[in-house]
Amino acid sequence: MHMPIRKIPEKSLRIQWYRLKPQGAFMLMMLPGLVFYFIYLYLPIGAALLVSIKDYGVKSGIFNSPIASPWYKHFKFFVQSPYFWPLLRNTMLISMAKMLLGIPLAVALAILLNECRVNKLKRAVQTLTYMPHFLSWVVIYGMCFVLFSETNGLINDWLRSLTGSTVPFLTNPSVFRNLIIGSDLWKSTGWSAIIYLAAISGIDPQLYEAAYIDGASRAKTIWHITLPSITNVIVLTLILRCGTILNAGFDQVYVMYNEGVYSTVDIIDTWVFRTGFENFNLSLSSAVGLFKSVISFIMIVTVNQLSRHWGESLW
Amino acid sequence: MVTYSKNRIYNFSVNTILVLIGLICFFPMLYVVSVSLTPYEEYLRQGGIVLFPTQFTFEAYRQFWKEPYIMQCFNNTVFITVFGTMCNIFVTILMAYALSRKNLIFGKFFTFYCLTPLLITGGVVPTYLIVRNTGLLNSLSALIIPTLVSPYILLITRTFFANIDASLYESARIDGAGEFRILFFIILPVSLPIIATIGLMYGVAHWNQYFASLMYISDSAKRTLQVVLREMLNRASSMESDVVVPTRTLQMAGVVVSAVPIILVYPFLQKHFTQGIMLGAIKG
Amino acid sequence: MKKRIVVLMLCMVMLLTVACSKPPGPSPTQQVGEPSSTPEETAGSSDEPIVINLFGVPTTIPETDPVIPELEARLGIDLNIESTGGDESLLVSRLAGGDIPDVFRVTTISNLSAYYKDSVLLNLKDYMDEMPNVRDMFTEQQWARVEFDGGIYGIPRRPEENYNCWYIRKDWLDALNKEDPATFDELLDIAIAMNEADLDGNGKNDTYAISGTYGPAVSTFGRGAFEGFWTAYGVTNPETIMIKDNEAVLSVTLPEFRYATEEIRRFVEAGVVDPEIIANNLDSLHEKMATGKTGICYGAWSTYSKIDQIKTLTSVFPDAEWLPMRKQIKTDYGVSGATQSRSGNDAVYAINADLVDQPKKLDAVINMFNYMATEECDLLLSFGIEGEHYEIDSNGTVTKLDKMDELTYGWGIQFLGRPDMLYCMTKFDNCADIIEYCANEVKVYYHYGQLVEQPEGINISDIESYILEQVSQFIYGTRGMDEWDSFIDSLYSAYSIQTYVDAANETLKELGYIN
């Protein structure tokens, strides 16, 4: 079952008389999805809007709780609180680092795999590198502890015998942030490389052939052929990642952090969770969640507009 | 095909780097397995440094299966992974197919409708309220229905369908086939790569989901494996007077049990997967 | 090809039927959807036992548990227990959704007061006469902490005795020819000697004499490697409210706290403090203790002296002896001891205010608590079934039977606490002398923050985590002690701790702890 992929010109569709006929079938197909979207993705947004401008009370519920005075009370409280800037800084730092290191690493891995001429090695490495993607953060947390503990972890035991000193991976705030970033790269690089690898394998081999005949070295073809051919994919992933710039990885941080390292890894999401669910301030928690979403939205629209200049966009 | 491999040093360095990367990924996993197979006393005697087990025991695994409700939790996880993924695939494909068709009216609106939640989410509390008000709390369906469609995966699937050769549709239409017929008999048979891809993505998400299960499930017998595992790892920091703290080997056995099944799925889907993600991700 | 399509079709049809019947949910284990609504209906019929939803039990109760069924049988009720692993966020999400369980466990007083303000809690004042056993079980001050605006909104828990003290590797101490230290100078001597002597004989310089754990004062029993230092300077954990000269203060702001921190710095600089105390949890600590990586740990007997723990701690060095230091370390400011919350460390149980509309169920709940406050029920919840887990003679002496050790979740179902000394001395008879030592001879310093309601406009838990984090940085030298004053200033300016301290003064005056 082989199938050619080719884009057909839009014009040929436009003049077809049956253009409007199958709409009933389409609607039926979309129905379950649309209903799901409305209930589980849109209603929460609406609820968040309401809860965040009210003083939410359990007994009164969403509709009957009194509106906060002023209505932006919770937003104001957050923006003026002493943790606003540290939280924003931590979130941005972690998330930017994950993005700016993650994408080049994944591209590099994809190119390396593509350059490998030993098929068995290529396959083995490929399989090994995306295996971590299948591990949950709970699992990785367990692994980190046995590997990076300063007194009885494997890595530090080696460091001690090699250099005589140890690194406080789990307790020093700035080192711990690197551990958060590093473990994310470990988990996701292999997986995100797949998409670039796929894009590379779609490059016309004749291009390379021609380059070799011209005497280009293999290293040079990477720069002049491989990279330019996958720029569109890179930009696309970059746009998508920009939209989630304020998601520094709640699951990961929530599972992994401890009291000693709040100063560098406490991110907006974990703070929102603690405020809402540990201290029972649901309105504040919702307000901050919403604030975050709005920033994300502005981010992605801006980046998307910018990237249109390079001829790439999401929609 | 190009077969210029004269540059030996080049090949050698590429291969070396790859081997190194492979080891970095492999080594932590090996360590976890080794610890889980080592008797606890031996583990302590080695000071926690067991790269290869010198003595074997399955004691830690036997212990792990004695955790309260562990069998139910394992079954629950398998159930939501298998059944949940099937539901995901079904709804996503139907929706993505319709969205991918150029003659869908209000196509732009629907696309926007489906992509916005990629960026704006209601957050934990409101989502909880909705899940609760739709009566899903404390049932396994709370782990399936609220994540029925992932906007991101929908986007990939839609792109895949949009890239399919239009002549396939046309010939079917000329035969007078309806849209459902076209989808099920013509499009789906050539869509195995995308089915495998999104199946894997949904499956991994289901297997590893921890938070939803923590929030929505309160019945001990309905929890999922990750929650049990996290609870077990947490118990290590409990200082209550009667608590039996799980040993490191037991914890690692838990880690292995909750990671291996999902890892084993991958090789079966690998072939289709790479193709699927490529076709879905590159914008046509 | 054809076959494949047929299979696919079958799958799709199957899924479609499921998807269409979506509302009831596809789960085969689906049960009654709304936990709070079904019992109301069943409560009406007389022969069915009344179902009581009891939420937030901090431990998973195994299927094989014999204790709860026995309790149910004695009371003629059906307890629907949901355990949360002590995670308050699960209760909050429950409440946020408006699903208020009949009876639930609240872990902090500030949350209890938040729930009270939201009118979730039943005022027990009018029911006190219906549960005289409960009323008489607790002191006035214990009741005071669950009292808001004259009403009573929770059922306290009997406090535990102190479990904490300094522990030391006695065999190492003997090998070094030293005695239990009485001053920090002596302690430092011993610690340095332990560091240098390579007593574990592995030839590596990887011993940090002093180790332990680090965390909030209210979270656990054995919470502080540094508690021994703080108490010796007469202060409690940094983030707690203590009473000094008849005034409530935040411990960290006291000059004595700074001296204590400087004392700890001296130890850290000497290289004898485990750099990883903040990340330690109990099992990583046990590993360190067992492998000779540490020789002095402040902590609770319940974490070092139980039989299986001793087994772990001696698995590598069979001669290892982890024993309490029998001397207290003294400074000009105090004597090292342990800290404890005046409120008792544990959570309280609260009752859903809506039960007023279900008098039968409310009666059953009140009756249940009243029964839990009897000696008979204490025996059941503490020791299990008579004849199976324990025996009791006519003098009331409890004898442990082998099966008692299976009840490792007992602490989770001792809803009103337990007769702590009797319980511990019976169940953990191997370390009875240590239990007595900790309870009777270690000085206890009380902290009071748990009694204080969160004032409007500040977030106590944020303050607490900020303090803990910063103190750990000072201890390990990430911040220099010269920045201490600016740290304290930032507490006042950015975190408004004065508001908190004022609220504390007011509350503690009301409760009669200060005049």
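Of the beta bridges in the protein assembly as shown, as assigned by DSSP with both residues counted there, near 60 percent are antiparallel. Listed by chain and number, the aspartates and glutamates whose alpha-carbon sits under 13 Å from that of residue C:244, ignoring those within fewer than 8 places in the same chain, are C:256.
Comparing A:112, A:162, A:240 in a Gaussian network model of chain A where C-alpha atoms under 10 Å apart are linked, the largest mean-square fluctuation is found at A:162.
A cut-off of 5 Å between modelled amide H atoms, ignoring neighbours fewer than 5 places along the same chain, links residue C:244 with C:249.
Starting from the Cα gyration tensor of segment B:65-281, take the square roots of the eigenvalues, sort them a ≥ b ≥ c, and report rounded, prolate or oblate (rounded when a/c is under 1.5, otherwise prolate if a/b is larger than b/c, else oblate).
It is prolate, given that a/c is not under 1.5 and a/b is the larger ratio.
Around the Cα centre of segment C:359-455, unit charges on the Cβ atoms of Lys, Arg, Asp and Glu (plus for the first two, minus for the last two) sum to a dipole of about 460 debye. Each of the trypsin sites (Lys or Arg not before Pro) that DSSP puts in a loop and that has at most 11 other Cβ atoms within 10 Å breaks chain B; the longest unbroken stretch is B:67-284.
How would the protein assembly as shown be classified by its alpha-carbon gyration tensor: rounded, prolate or oblate, with rounded meaning a/c under 1.5 and the a/b versus b/c comparison settling the rest?
Prolate is the answer for the protein assembly as shown, as a/c is 1.5 or above and a/b outweighs b/c.
Farthest towards the positive end of the charge dipole of segment B:1-87, among the residues B:73, B:20, B:38, is the Cα of B:20, using unit charges on the Cβ of Lys, Arg, Asp and Glu. Within the shell defined by Cβ-Cβ distances under 12 Å, the residues around residue B:223 carry a net charge of -2, with Lys and Arg each +1 and Asp and Glu each -1.
Amide hydrogen proximity for residue C:152: with H placed 1.01 Å from N in the peptide plane, the residues at 5 or more positions away or on another chain lying under 5 Å are C:124, C:125. Projecting the Cα atoms of C:235, C:89, C:302 onto the dipole axis of chain C, where Lys and Arg carry +1 and Asp and Glu carry -1 at the beta carbon, places C:89 farthest toward the positive end.
Count charges around residue C:301 for me, please; just the other residues with Cβ under 12 Å from its Cβ, Lys/Arg as +1, Asp/Glu as -1. Don't jump to the answer; show the numbers that get you there.
Working: positive: C:306; negative: C:160, C:161, C:433, C:436.
Here the count lands on -3.
Label zone of residue B:221 (point 7 Å out along Cα→Cβ, amide N under 20 Å): in segment B:54-81 this covers B:65-81.
For segment C:181-198, the Karplus equation 6.51 cos²θ - 1.76 cosθ + 1.60, evaluated at θ = phi - 60°, returns couplings of x, 10, 9, 5, 4, 5, 4, 5, 3, 4, 4, 5, 4, 5, 4, 8, 6, 6 Hz by residue, with Gly and Pro reported as x. For segment B:8-57, the relative contact order comes to 32 percent (Cα pairs under 8 Å, sequence separation of at least 6). What number, in percent, do you get for the relative contact order of chain B if the mean sequence gap of Cα pairs under 8 Å and at least 6 apart is divided by its residue count? Taking the mean separation of contacting Cα pairs over the length of chain B, I get 29 percent.
Return the FRET efficiency for the residue pair residue B:105, residue A:49: r is the Cβ-Cβ distance, R0 is 35 Å, and the value is rounded to the nearest 0.05. Write down the numbers at each step before the final one.
On the way: r = 29 Å, r/R0 = 0.84.
E between residue B:105 and residue A:49, to the nearest 0.05, is 0.75.
Over segment A:83-308, Cα pairs under 8 Å with separation of 6+ residues give a relative contact order of 29 percent. Partners of residue C:330 within straight-line reach, counting aspartates and glutamates whose Cα lies under 13 Å from its Cα and excluding those fewer than 8 residues away in the same chain: C:180, C:185, C:186, C:263. Among the listed pairs A:187/A:292; C:306/C:403; A:120/A:220, those whose Cα-Cα separation exceeds 18 Å are A:187/A:292; A:120/A:220. Ranking A:136, A:208, A:302 by Cα position along the charge dipole of segment A:83-308, where only Lys, Arg, Asp and Glu carry charges on their C-beta atoms, puts A:208 farthest toward the positive end.
Fewest to most neighbouring Cβ within 10 Å: what's the order for A:207, A:290?
Starting with the residue having the fewest Cβ neighbours, the order is A:207, A:290.
The long axis of helix C:497-510 is offset from the longest Cα principal axis of chain C by roughly 70 degrees. Between the helical axis of C:2-20 and the dominant principal axis of chain C, each derived from Cα atoms, what acute angle in degrees is found, rounded to the nearest 10? Tilt relative to chain C: about 90 degrees.
Just add up the charged neighbours of residue C:184: K/R +1, D/E -1, any other residue whose Cβ is under 10 Å from the Cβ of residue C:184. Once all neighbours under 10 Å are counted, the net charge is -2. Could you list which residues have their amide H under 5 Å from that of residue C:79, counting only those 5 or more apart in sequence or on another chain, with H placed in the peptide plane? Under 5 Å from the amide H of residue C:79: C:52.
For segment C:475-480, 3J(HN,Hα) computed residue by residue from phi via the Karplus equation (6.51, -1.76, 1.60; θ = phi - 60°) reads 4, 8, x, 5, 10, x Hz, glycine and proline entered as x. Legend: ranking of residues C:226, B:26 from fewest to most surrounding C-beta atoms inside 10 Å; resulting order B:26, C:226. Counting only residues at least eight positions apart within a chain, or on another chain, the lysines with an alpha carbon under 27 Å from that of residue C:117 are A:54, A:59, A:73, A:76, C:125, C:360, C:361, C:509. Each of C:196, C:469 was scored by other Cβ atoms within 10 Å of its Cβ. Listed from fewest to most, they are C:196, C:469.
Which helices, counted as full DSSP H runs in chain B, have an axial Cα extent of no less than 18 Å and a Kyte-Doolittle average of -1.0 or above? Helices meeting the criterion: B:8-37, B:70-100, B:192-208, B:248-281.
Bear in mind that the values in this text are calculations on the coordinates, not laboratory data. Computed from a predicted model, the values in this text were never measured in an experiment. Don't worry about glycine lacking a Cβ; one is built from the backbone with ideal geometry, like all the others, and counts go over all protein chains shown.
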